[in-house]
Amino acid sequence: MNIEQYILSKKNNNEKMLAVLLDPENLTDGNTVKIIGQQILLSKPDFVFVGGSTYTASTTPLIETLRRWTREIPVVLFPGHPSQFSDKADAVLFLSLISGNNPDALIGWQVESARAVRDSGIEVLPMGYILVGDSVSSTARITSTMPIPEADIIRITDTAIAGVLLGMRLIYIEGGSGAEHPINASVIKRVRQEIDCPLIVGGGICTAKQAQEAWQAGADIVVVGNHLEQHAEELNLFCSARHF
């Protein structure tokens with residue numbers, strides 16, 4: 001499957017997508033992974049993202065374990081560091097943290113992993129990553145950057161526009177890992193008005209209603225991580241909420 005074409009096809013048909021984000025550092029218990037995997041097989045989200053803002057745990061063992069349940073569901077790397085790259089995934093979100101001024105997160109880590117990514121033959125999805133919010137998430141702490149305040153809508157939208165002009169084919173706005181609340185729908189709407197490429201929204205989403213509000217505001221893909229790691233039995237509710 002060409003994942004970028006799949007995303008564009010869904011977007012053009014106004015079909016909303018759900019990605020489950022799994023952090024290998026949080027999933028060291030095999031039974032927990034099995035429960036999540038079974039729910040993925042049953043509910044069929046559009047994607048499984050694997051990665052995290054910290055990078056002490058390898059992504060490869062989790063990807064290999066998940067394969068027995070994901071089957072036709074694409075597994076996409078959402079790496080927080082070059083050490084999280086794995087050629088066992090179907091694609092990689094080759095992201096640049098364009099909302100901050102840390103040169104490592106902007107381009108340094110990408111340079112470090114570029115040769116391995118290219119030589120692996122994995123599908124590459126260039127993505128502009130924008131942290132938004134009024135509190136400091138673990139992602140902000142790890143990357144030594146500050147999120148753009150939700151009230152600064154001009155800076156948020158201008159950053160998204162800049163990412164598109166730089167050639168990034170996806171824009172991801174989120175509150176960061178462990179965000180206290182989802183990004184406000186008004187922010188999502190404004191970004192959606194300014195860019196044509198697929199828009200991904202995540203961080204702080206804990207209910208199917210919150211996911212639906214993000215889709216209704218203009219998100220093409222909603223990402224849910226921490227909540228579904230702890231409450232895998234709710235995955236079907238989130239998948240059902242895509243249809244409204």
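Which loop-located GluC sites (Glu not before Pro) does segment 66-131 contain, where loop means any DSSP state but H, G, I, E or B and the Cβ has at most 12 other Cβ atoms within 10 Å? Passing both the DSSP loop test and the Cβ count: E72. You can think of it this way: the chain between Q5 and E72 has 22.6 nm of extra reach, that is 0.36 nm per residue less the Cα-Cα gap.
Summing Lys and Arg as +1 and Asp and Glu as -1 over all other residues whose Cβ lies under 11 Å from the Cβ of N2 gives a net charge of -3. Segment 154-244 gives an Rg/Rh value of 0.98, both radii derived from C-alpha positions and Rh following Kirkwood. Ranking of T28, T60 by solvent-accessible surface, largest first: T28, T60 (1.4 Å probe, protein heavy atoms only, all chains present). Peptide packing: for 232-241, 193-202, the average count of neighbouring Cβ atoms within 10 Å per residue gives the ranking 193-202, 232-241, highest mean first. Placing a pseudo-label 7 Å from each Cα along the Cα-to-Cβ vector at T207 and H243 gives an inter-label distance of 2.3 nm.
Ranking of I63, I153 by solvent-accessible surface, largest first: I153, I63 (1.4 Å probe, protein heavy atoms only, all chains present). Here r is the Cβ-Cβ distance between N14 and Q193 and R0 is 22 Å; the resulting FRET efficiency, rounded to 0.05, is 0.90.
Highest GNM mean-square fluctuation among A217, A114, A91, for the chain modelled with Cα contacts below 10 Å: A114. Antiparallel beta bridges, as assigned by DSSP with both residues in the chain, represent about 0 percent of the total such bridges.
Solvent-accessible surface (1.4 Å probe) assigned to D87 amounts to roughly 100 Å². Within the assembled protein chains, the solvent-accessible surface assigned to K34 is about 100 Å², based on a 1.4 Å probe. The local environment of I156, defined by Cβ-Cβ distances under 10 Å, has a net charge of -2 under the rule Lys, Arg +1 and Asp, Glu -1. Sorted largest first by accessible area at a 1.4 angstrom probe radius, with every protein chain in place, the residues R242, R118 fall in the order R118, R242. In this view, the solvent-accessible surface of S96, computed with a 1.4 Å probe and all protein chains in place, comes to about 10 Å².
Please give the calculated 222 nm ellipticity per residue for the chain, where each DSSP H segment of at least 4 residues contributes -39500 (n - 2.57) and the sum is spread over every residue; nearest 500 deg cm²/dmol?
Computed mean residue ellipticity for the chain: -11500 deg cm²/dmol.
Close amide-amide hydrogen proximity is noted between M146 and N101, each under 5 Å apart and 5 or more residues distant or on a separate chain (H modeled in the peptide plane; Pro and chain starts excluded).
Label zone of S120 (point 7 Å out along Cα→Cβ, amide N under 19 Å): in segment 157-175 this covers 169-170.
Each of H181 and T60 was given a label point 7 Å from its Cα along the Cα-to-Cβ line. The distance between the two points is 4.3 nm. Pairwise over distinct Cα atoms, reciprocal of the mean inverse distance: report the Kirkwood radius of the chain in Å, one decimal place. For the chain, the Kirkwood estimate is 17.6 Å.
Each other residue within a Cβ distance under 12 Å of H243 adds +1 if Lys or Arg and -1 if Asp or Glu, for a net charge of +1.
The values are calculated or read from the model by the stated rules, or taken from the named source; none is laboratory data. What you are looking at is a predicted structure, and each value in this text was computed from that prediction instead of being measured. For neighbour counting, all protein chains shown are included, and Cβ atoms are generated from backbone atoms with ideal geometry for every residue, glycine included. We work out accessible area using only protein heavy atoms, side chains counted, and drop any ligands, DNA or RNA first. Shrake-Rupley method; radii C 1.70, N 1.55, O 1.52, S 1.80 Å.
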